[in-house]
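Worksheet: the structure to be examined is printed underneath.
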Amino acid sequence: MVAAMQQPQHNPPALVRVIYTTIRTAREAGLDRHGQEQQAVEAVRIVRPDIAERDAMNMVWRVRPD
């Protein structure tokens, strides 16, 4: 039962799409890498307010397209 309550270690596909779309849009708007990442973190926090900012940043770093 404890294993069923643990969070999965992978990023849900919907959040990955949010990150990719936000970074692409921020890049097209002319933001630098830091600005793109910050926008993606804010987007993740809007979609999933239960995710802490530090965890959202880690998610962005793991799935960030280069």
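The values are calculated or read from the model by the stated rules, or taken from the named source; none is laboratory data. What you are looking at is a predicted structure, and each value in this text was computed from that prediction instead of being measured. Note that we place each Cβ from the backbone using ideal geometry, even for glycine, and neighbour counts take in every protein chain shown. What goes into the accessible areas is simple: the full protein's heavy atoms, side chains included, and nothing from ligands, DNA or RNA. Shrake-Rupley method; radii C 1.70, N 1.55, O 1.52, S 1.80 Å.
Can you tell me how many residues in the range 46-66 are free of Cβ contacts under 8 Å to residues at least 40 places away in the same chain, open to solvent by less than 90 Å² (accessible area, probe 1.4 Å) and in a helix (DSSP H, G or I)? Counting residues in the range 46-66 that are free of Cβ contacts under 8 Å to residues at least 40 places away in the same chain, open to solvent by less than 90 Å² (accessible area, probe 1.4 Å) and in a helix (DSSP H, G or I) gives 5.
For the range 24-44, the criterion of being open to solvent by 30 Å² or more (accessible area, probe 1.4 Å), under 16 Å from residue 13 (Cα atoms) and not small (Gly, Ala, Ser) is satisfied by no residue at all.
The single condition among (1) at pLDDT below 90; (2) open to solvent by 90 Å² or more (accessible area, probe 1.4 Å) that residue 12 does not satisfy is (2).
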